[in-house]
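Only the coordinates and a few stated rules stand behind these numbers; no lab work does. Note that the coordinates shown come from a computational prediction; the quantities given were computed from them, not determined experimentally. Every residue, glycine as well, gets a Cβ built from its backbone with ideal geometry; the counts of neighbours run over all protein chains shown.
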Amino acid sequence: MTAVYVLWLRELKRYTRSRAHIIASLGQPVLYVLVLGYGLSPVFQRSGAGSYVQFIAPGIISMTVLFSAMFSGIALLWDRQFGFLKETLVAPVPRVHIMIGRTAGAATTAMLQGLLVAVVCVLAGFRPVSLTLLPLALGFLALIALVFAGFATTIGSSLKDMQGFQMVMNFLVLPIFFLSGSLFPLQNLPAALSILTRIDPLSYGVDGLRSALIGQVHFGVGTDAIVLGVLAAIMVALGAWRFSRIEV
């Protein structure tokens, strides 16, 4: 398990080493919170739904975790392309330990990124309804990060170039975000859109996080936790299988 810890620590160091990357990664979430949050807030309030900043903040935090976790797949492709991954794979440790360490590091990095955005949301006016539910919110953040870090490892292990991963981002990750209910309520949607939101894994993460932070829930906290827990186990197992068959 020493290899797991070393690779987990390596992923964290890679994240904290680049302050410019950390600052740049906050740009899009801040834009969503400030422009959409305050720009659409009057419309949201007139509909009787309250503050749009309150509503959108859990969705933007979830979005940040999603994108940060998925970009770990790019890091895997980068290491594969420049030979760093080959040096890691020749080490006398099981490949599953390498995969678990990388995935855990990517998930931890995604959580840290989400927490930074949460601080920005608080500075922008967001207020959790109960501080006692913050551990539940952290639990949902961890589940979202694990699901998509495992998914990123699966994709990164299956592709051989950056162009393929960009297609995945455009045609899979962006729909996952926009269909998750991060930016709009899931109630009273058209039937086709409602079905799509129900098969979107991020919908359950956003719903769970929103229930913990602002007390609004659509699917149910238990349903959210079970779906994300099962998906996290599946994605990590699938990522381990694909990583064990990777060729460098």
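For Leu174, Leu77, which order do you get if you count the other beta carbons within 10 Å of each Cβ and list the fewest first?
Ascending number of Cβ neighbours within 10 Å: Leu174, Leu77.
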Amide H of His218: which non-local residues (sequence gap of 5 or more, or other chain) have their own amide H closer than 5 Å, using H built in the peptide plane? none
Can you give the extra length, in nm with one decimal, that the chain gains between Ile226 and Leu89 once fully stretched, where that is 0.36 nm per residue apart less the Cα-Cα distance? 46.0 nm
Can you figure out the FRET efficiency of Gln81 with Asn170, using R₀ = 30 Å and their beta-carbon distance, to the nearest 0.05? 0.90
Using 10 Å bins from zero, what percent of all Cα-Cα pairs in segment 2-244 falls into each bin? 8, 32, 35, 18, 6, 1, 0
Based on the inverse mean of 1/r over its pairs of different Cα atoms, what is the Kirkwood hydrodynamic radius of segment 72-186, in Å? 16.2 Å
Along segment 151-164, what does the Karplus equation 6.51 cos²θ - 1.76 cosθ + 1.60 (θ = phi - 60°) give for ³J(HN,Hα), rounded to whole Hz, x for Gly and Pro? 5, 5, 5, 4, 5, x, 6, 8, 9, 10, 9, 5, 4, x
